[in-house]
Amino acid sequence: MNDNTLTAEIDLVPNDYRTHFAKVRILKRYASILIPLLLVGGLLYTALRYYTWDLEREVEALQQRTLVSSQQRDQITNLRKVADEFQRQLTMLGRLRSGGQALDMFTTIDRAIPPGDVWFRTWTFRRAGFVIKGDTSEVNRGYFVVIPANSEASSSEPWQIETHMDIKGQARDHSTLSTFVQKLFDQPQIQDVRVVNTARRSYENTNIIDFDMRIVVRSAAGGS
Amino acid sequence: MQLGAMMHKLRGVSPGGAQGPIGLELGRDQIHLAQLQRDAHGEVQFRAQASLPYSGTREELLSSQRRFKPLLKRALSSAPFTGRRVVTCLPPGDTRIMSITYDASGARDDGAAVLQVMRSRLEGTLEDYVIDYLPVRSGSKGEQRLAVVAVARREKVIRLLELFRRSGLEVEALEIGPAAIKRLVSALSTKRGPENVLIINCGHSHSYLTMLSGRRLLLDQQLSFGEQQLIDRLCSELDMSEEAVRMAVHRVGIDAKFDPELTDLSNTGLETSQVILDVLKPNLLAFVDEIKRALRYVTYETRGEPVHRLYLMGGFADWRGSDRVLRRMIDIPVEKLPSPQEIFGTGINDSGFSIRNGASNLVIATGLALRGIVTNE
């Protein structure tokens, strides 16, 4: 029963029914406000997500491109280094090639050998640290220029281009050996002669001197 | 559109002023709708009204959503109704209105005392009913108090509310016919000053006496007097068809001799009118006895104040001369209740306004529509 006063009106709508539908109406009213808001919010969220995703994709693509550029730059740098190295080696090779040939050196050395008093057992021809191993018995076979496999390691160091010949040989005596050394010094192509070691060796009827010697040859590529 | 008009539109208010709810009455054969509004000067006037006949009976209509909804839609679209808030009432047969006396001294409040009385008067439990009441006489503690109580079966109330809700209406209040009549007559009395008024609503098979003291509803009583009862008597006494009787009643009425509009009526016409009155006299006398009993009750309740006026409405009120005959029999001023359109005017919607049926058809719908428009002080 509804409350009534003297001025009240009759109303036969049950209170519980009225309350229930008043709540339903309020809910609908809020829902009619909230649902569009949620929909708009959802759409905005989706749009933002899509926009963000799109941006992220663009950023990713840019990063990828940057990475590719960076890789390419590194590759270019590396290639330039390789090219520089090759250029340097080419220059070096050119310098080396510009030096005197082994045959000329033997000719020069041969001129200094006292006839029949000095003879060689082995020799090693070296140029600028690059080993040129010639046949110990055949001097006419030419020489090999060996480029080090690890060019990186030496690329930063100045090259000491030096052409020298290590000789192990025998001399009749110290005087002969000294003459030989002296004659070598007299050759304009010879820059330096270093007798590394000498030793006397006795045979049944004679004595000879074993020696190790390094002959540094003056060449056009003698600088670093 | 001007700013003011736009603001009105935004607030759901017509440019003329605030409109009230739609008053909706499910009459015996027709649905009646009325909506009022206040104009710029605060005067109440009609905004829209409509009366549409049912295709079947009222009971069939109320039990079928598929019938009710299209009818309602047609009615609402036939005039410039605004909003979906309605004030309505149950059909007369579904509501019982009774005056009860109760002693509030032993109860927590008046409501509890009224329920205590009603418990003994109703079949089944109180939970089966919806009950509301209007205090009529509120004496001091220990005195008997008086209330008009409206009772309806809960299932019928819920059925009607659900029918309206599913049809898109929001029921603001479910009233009783007498309350609507009281509101309309009170609005009319405002122009005449407070009065004790008896309203006789002559229905098809029953009539209802509604007694108002100022704006207070003192009594609502059902009488076994109806228009159809009078028609049936005339048919049987005069051996005429119902159609012929209705035509005769409509043409000459029951008091042609004193009808200023029928001065040129033939003698036959005058005689016919007199015959009709003579035939109906026993019914009218019984009816008048009931009215006089009600008048005595009112005099008692108002401590001797006279009843100033008797308003006649309903089917019998549309009979020519019915008011004059009753005035002579009762000896107090008897008037046909002015039509709501006469009371309030049609306002800004004259172009879409027409009175399709009898003037009293819209009385209850208009009274219902007045809820919220006029105060009940």
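The values are calculated or read from the model by the stated rules, or taken from the named source; none is laboratory data. Here the structure is a predicted model, which means the values were calculated and not measured. Methodologically, a virtual Cβ is constructed for each residue, glycine included, from the backbone with ideal geometry; neighbour enumeration extends over all protein chains shown. These accessible areas exclude ligands, DNA and RNA; they are computed on the full protein's heavy atoms, side chains included. Shrake-Rupley method; radii C 1.70, N 1.55, O 1.52, S 1.80 Å.
Miscellaneous remarks
- Kyte-Doolittle mean at least -1.0 and Cα axial length at least 30 Å: DSSP H helices in chain B: B:267-301
- Highest average packing first - B:255-263, B:331-339, Cβ atoms within 10 Å: B:331-339, B:255-263
- Other residues whose C-beta falls under 9 angstrom from the C-beta of B:Gly372 contribute a net charge of +1, scoring Lys and Arg +1 and Asp and Glu -1.
- Mean per-residue shielding of peptide B:166-175 is 3, counting Cβ atoms of other chains within 10 Å of each Cβ.
- Solvent accessible area, Å² - A:Arg172, 1.4 Å probe, full protein context: 120
- Relative contact order of segment B:183-238, pairs being alpha-carbon contacts under 8 Å that are 6 or more residues apart, as %: 28
- Figure note: B:Arg153, B:Arg121 ranked by solvent-accessible area, largest first, 1.4 Å probe, ligands and nucleic acids not counted: B:Arg121, B:Arg153.
- Accessible surface of A:Val82 - all protein chains present, 1.4 Å probe, nearest 10 Å²: 60
- Under 12 Å from A:Lys23, Cα to Cα: aspartates and glutamates that are on another chain or at least 8 residues apart: none
- GluC sites (Glu not before Pro) within segment B:24-127, DSSP loop, no more than 15 other Cβ atoms inside 10 Å: B:Glu43, B:Glu123
- For chain B, the fraction of C-alpha pairs farther apart than 32 angstrom is 38 percent.
- Counting only other chain Cβ atoms within 10 Å of each residue's Cβ, the peptide B:367-374 averages 0.
- For segment A:22-98, fraction of C-alpha pairs farther apart than 15 Å, in %: 76
- In chain B, the calculated helix contribution to ellipticity at 222 nm averages -12000 deg cm²/dmol per residue, counting -39,500 (n - 2.57) for every DSSP H run with n ≥ 4.
- Counting only residues at least eight positions apart within a chain, or on another chain, the aspartates and glutamates with an alpha carbon under 15 Å from that of A:Lys28 are B:Glu170.
- With the whole protein complex present, B:Cys202 retains an accessible surface near 0 Å², based on a 1.4 Å probe.
- Candidate residues A:Trp53, B:Trp319: accessible-area rank, largest first, probe 1.4 Å: A:Trp53, B:Trp319
- Chain lengthening between A:Tyr50 and A:Leu90 when straightened (0.36 nm per residue, less Cα-Cα): 8.7 nm
- Peptide A:14-22 - average C-beta neighbours from other chains (10 Å radius): 3
- If you sort A:Asp74, B:Asp110 by accessible surface, 1.4 Å probe, largest first, the order is A:Asp74, B:Asp110.
- A crude spin-label estimate for the pair B:Glu242 and B:Arg293, with each label 7 Å from Cα along the Cβ direction, gives 2.8 nm.
- Label-to-label distance for B:Arg66 and B:Glu335 is 4.9 nm, based on points extended 7 Å past Cα in the beta-carbon direction.
- Spatially near lysine pairs across chain B, Cα under 27 Å, sequence gap of 8 or more or different chains: 16
- Calculated FRET efficiency for the pair B:Gln274/B:Gln222, C-beta based, R₀ 25 Å, to 0.05: 0.25
- Under the Karplus curve 6.51 cos²θ - 1.76 cosθ + 1.60, θ = phi - 60°, whole-Hz ³J(HN,Hα) for segment B:22-35, x wherever Gly or Pro sits: 8, x, 10, 10, 8, x, 5, 10, 9, 9, 10, 10, 8, 9
- Site pair A:Lys28 and B:Glu59 shows an inter-label distance of 3.1 nm when each label is modelled 7 Å from Cα along Cα→Cβ.
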